[in-house]
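These notes concern the structure reproduced below.
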Amino acid sequence: MLVVGTIYNTLDVRRTRSQSCCRYQLSYTRCASYLITMLAVVDLKIIEISGSNLLRKLQNDGKFLIIYVTNGCHECNLAYSKFVAASQPFDREEIRFGRIAHTGLAATLEIDTFPSLIYFKANSYQVNRAKIDITVDSIIQLISDVTKRDFIYMDKHYTVEVNKANFDDTLNTPRQCKLLLLYTNENKDKVEWFDDLAELFKNDDKIMFARLDVHRDGELKDRFKARAFPALYWYSDDEIPRKSIQHNGALPEGAGLLKEMDELIKANKNTIASGKKMKKIVQKAKEFMEYYDDKDMQEIAEYYVYLLEEVEYHEETSVIDDERYYLIRELVDRKWNKGPRQRELLLKKQNVVRQFFDIMGDKLLKRNSKQSPIVKAKEPRPHNHHHDKIHRHEEL
């Protein structure tokens with residue numbers, strides 16, 4: 001075990017006694033690099049711990065203090081949201097939560113693995129290491145075990161309440177998916193639903209659930225286009241907030257359309273309308289597909305190719321109209337139970353089909369007058385439907 005008094009001996013701390021209490025006098029000339037003079041506390045009351053305020057908190061508070069120790073590593077950033085969520089239901093007059101992001105102080109505390117949890121019992125200077133997984137449940141269980149209190153009826157939070165102070169840091173965590181709920185006081189039932197959803201992913205660091213009270217933080221509301229609430233925004237693991245979408249499908253106009261593919265269709269619309277001699281067009285579309293590095297753009301390019309191959313196989317463009325109805329059914333059936341990313345892809349594909357209609361006009365629905373639709377009808381191509389392939393990617 002490490003005792004905080006020992007720590008400060010290494011920082012040239014002179015300990016004196018005055019009656020029954022201990023006082024520490026710090027030599028700032030020798031430990032200036034370890035000390036931050038201001039105590040920073042965000043709205044969620046996660047205390048930013050420094051060499052100076054750690055001692056002050058232990059001297060003045062006499063409260064149980066649990067601290068998240070990070071060196072900025074990727075795993076540290078992913079797990080921090082669990083720590084924040086675990087802290088939210090606690091009364092800060094009884095339990096304190098802090099974070100150490102100062103590698104010098106972490107070294108002084110003899111911490112060399114990150115992220116780590118340490119804690120101080122009430123009225124104690126002894127540093128204790130918590131060898132647990134950093135999850136909401138495990139953190140609350142640790143506090144229960146150490147304080148000898150039962151939190152079984154506590155309303156646990158599995159979502160992070162964001163505000164002006166922590167918004168950017170929370171949503172800019174790299175390589176982590178985020179689902180953000182914008183709500184008002186009138187939407188408390190949706191907040192409960194959202195927390196229940198987050199609980200399903202409570203041990204998954206790769207996705208974070210966050211919520212924002214737009215009435216309390218009006219400035220943040222202006223960052224979003226939504227004016228009706230509740231609203232959901234989804235951020236993929238490589239996106240930043242400005243590229244988000246809403247649960248009601250408010251994608252940017254033309255989302256999913258690929259200029260090269262659209263131009264190819266425009267240049268060959270008469271050939272496509274006939275459903276014949278499509279081989280060169282399909283081959284060109286496949287060449288374009290190789291140009292795209294972005295995963296989502298590759299999938300949309302594959303969808304363009306799929307539509308052209310359907311026209312080639314059936315030798316008529318009415319299959320595009322069939323596809324339009326198929327997408328409508330998919331959007332209704334999969335709105336909530338297949339994940340935000342899949343819904344986004346479906347909406348983008350819907351835009352692609354609409355673009356086909358805009359380019360082809362009346363030609364799109366006309367069958368070859370010399371063909372009987374009964375005689376020419378063909379069985380579906382013997383491979384998986386394009387949507388079935390899409391649904392295997394990154395399901396929630």
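The values are calculated or read from the model by the stated rules, or taken from the named source; none is laboratory data. None of these values were measured; they are calculated from a predicted model. Here the Cβ is made from the backbone with ideal geometry for all residues, glycine too, and neighbour counts use every protein chain on show. Ligands, DNA and RNA are stripped out before the accessible areas are found, and what is left, the full protein with its side chains, is counted by its heavy atoms. Shrake-Rupley method; radii C 1.70, N 1.55, O 1.52, S 1.80 Å.
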Subject >> Positions within the stretch 167-189 being under 22 Å from residue 155 (Cβ atoms), crowded, with 18+ Cβ neighbours inside 10 Å and not β-branched (Val, Ile, Thr), in sequence order >> reply: 179, 180, 181, 182, 183, 187
**OP:** Consider residue 132 carefully, then state whether it is modelled with pLDDT of 90 or more, among the aliphatic types (A, V, I, L, M), closer than 17 Å to residue 66 by Cα and touching a Ser or Thr at 6+ places or on another chain (Cβ under 6 Å).
**Re:** yes
**OP:** Give just the number: which of (1) open to solvent by less than 20 Å² (accessible area, probe 1.4 Å); (2) within 14 Å of residue 210 (Cα to Cα); (3) not β-branched (Val, Ile, Thr) does residue 158 not satisfy?
**Re:** (1)
Original post:
Just for helices (runs of 4 or more DSSP H) wholly inside the stretch 208-310: which have at least 1 residues that are within 30 Å of residue 193 (Cβ to Cβ) and either modelled with pLDDT of 85 or more or in contact with a Ser or Thr (Cβ under 9 Å, 6 or more places away or on another chain) (or both)?
Top reply: 218-221
Original post:
If you go through the stretch 67-84 one residue at a time, do you hit one that is surrounded by 16 or more Cβ atoms within 10 Å (Cβ to Cβ), under 23 Å from residue 155 (Cα atoms), more than 27 Å from the chain's Cα centre (by Cα) and modelled with pLDDT of 90 or more?
Top reply: no
Original post:
Mind checking which residues of the stretch 178-209 are touching a Lys or Arg at 6+ places or on another chain (Cβ under 6 Å) and under 18 Å from residue 77 (Cβ atoms)?
Top reply: 208
Original post:
All but one of (1) closer than 20 Å to residue 45 by Cα; (2) modelled with pLDDT of 90 or more hold for residue 170; which doesn't?
Top reply: (2)
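Is it true that residue 89 is part of a loop (DSSP other than H, G, I, E, B), open to solvent by 60 Å² or more (accessible area, probe 1.4 Å) and touching a residue at least 60 places away in the same chain (Cβ under 8 Å)?
Against the criterion (part of a loop (DSSP other than H, G, I, E, B), open to solvent by 60 Å² or more (accessible area, probe 1.4 Å) and touching a residue at least 60 places away in the same chain (Cβ under 8 Å)), residue 89 does not qualify.
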Subject >> Pairs where the first residue, in the stretch 142-153, is touching a residue at least 60 places away in the same chain (Cβ under 8 Å) and surrounded by 10 or more Cβ atoms within 10 Å (Cβ to Cβ) and the second is among the basic types (Lys, Arg) and assigned to a loop (DSSP other than H, G, I, E, B), C-beta under 7 Å, 6+ apart >> reply: 146/121
**OP:** Taking residue 100 as the residue in question, decide whether it is at negative phi and surrounded by fewer than 19 Cβ atoms within 10 Å (Cβ to Cβ).
**Re:** no
Subject >> Count - residues of the stretch 103-125 that are under 16 Å from residue 65 (Cβ atoms) and either under 31 Å from the mean Cα position of the chain (by Cα) or part of a strand (DSSP E or B) (or both) >> reply: 8
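Of the residues in the stretch 48-66, how many are within 18 Å of residue 142 (Cα to Cα) and open to solvent by 20 Å² or more (accessible area, probe 1.4 Å)?
1
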**OP:** Determine if the stretch 126-140 includes at least one residue that is surrounded by 15 or more Cβ atoms within 10 Å (Cβ to Cβ), in a helix (DSSP H, G or I) and among the charged types (D, E, K, R).
**Re:** yes
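Listed here are the residues, each with its yes/no results for (1) out of contact with any helix residue (DSSP H, G or I) (no Cβ under 6 Å at 6 or more places or on another chain); (2) within 21 Å of residue 343 (Cβ to Cβ); (3) not acidic (Asp, Glu).
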site	(1), (2), (3)
201	yes, yes, yes
214	no, no, yes
217	yes, no, no
226	yes, yes, yes
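Could you count how many residues in the stretch 143-162 are out of contact with any Ser or Thr (no Cβ under 7 Å at 6 or more places or on another chain) and within 21 Å of residue 197 (Cα to Cα)?
So in the stretch 143-162, the residues out of contact with any Ser or Thr (no Cβ under 7 Å at 6 or more places or on another chain) come out as 143-149, 152-159, 161.
Then drop every residue that is not within 21 Å of residue 197 (Cα to Cα), which leaves 152-159, 161.
Residues in the stretch 143-162 being out of contact with any Ser or Thr (no Cβ under 7 Å at 6 or more places or on another chain) and within 21 Å of residue 197 (Cα to Cα): 9 in total.
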**OP:** Could you give me the residue pairs with C-beta distances under 7 Å whose first residue belongs to the stretch 99-113 and is under 21 Å from residue 81 (Cα atoms), whose second residue is in a helix (DSSP H, G or I) and open to solvent by less than 60 Å² (accessible area, probe 1.4 Å) wherever it lies, and which are 6+ apart or on separate chains?
**Re:** 100/106
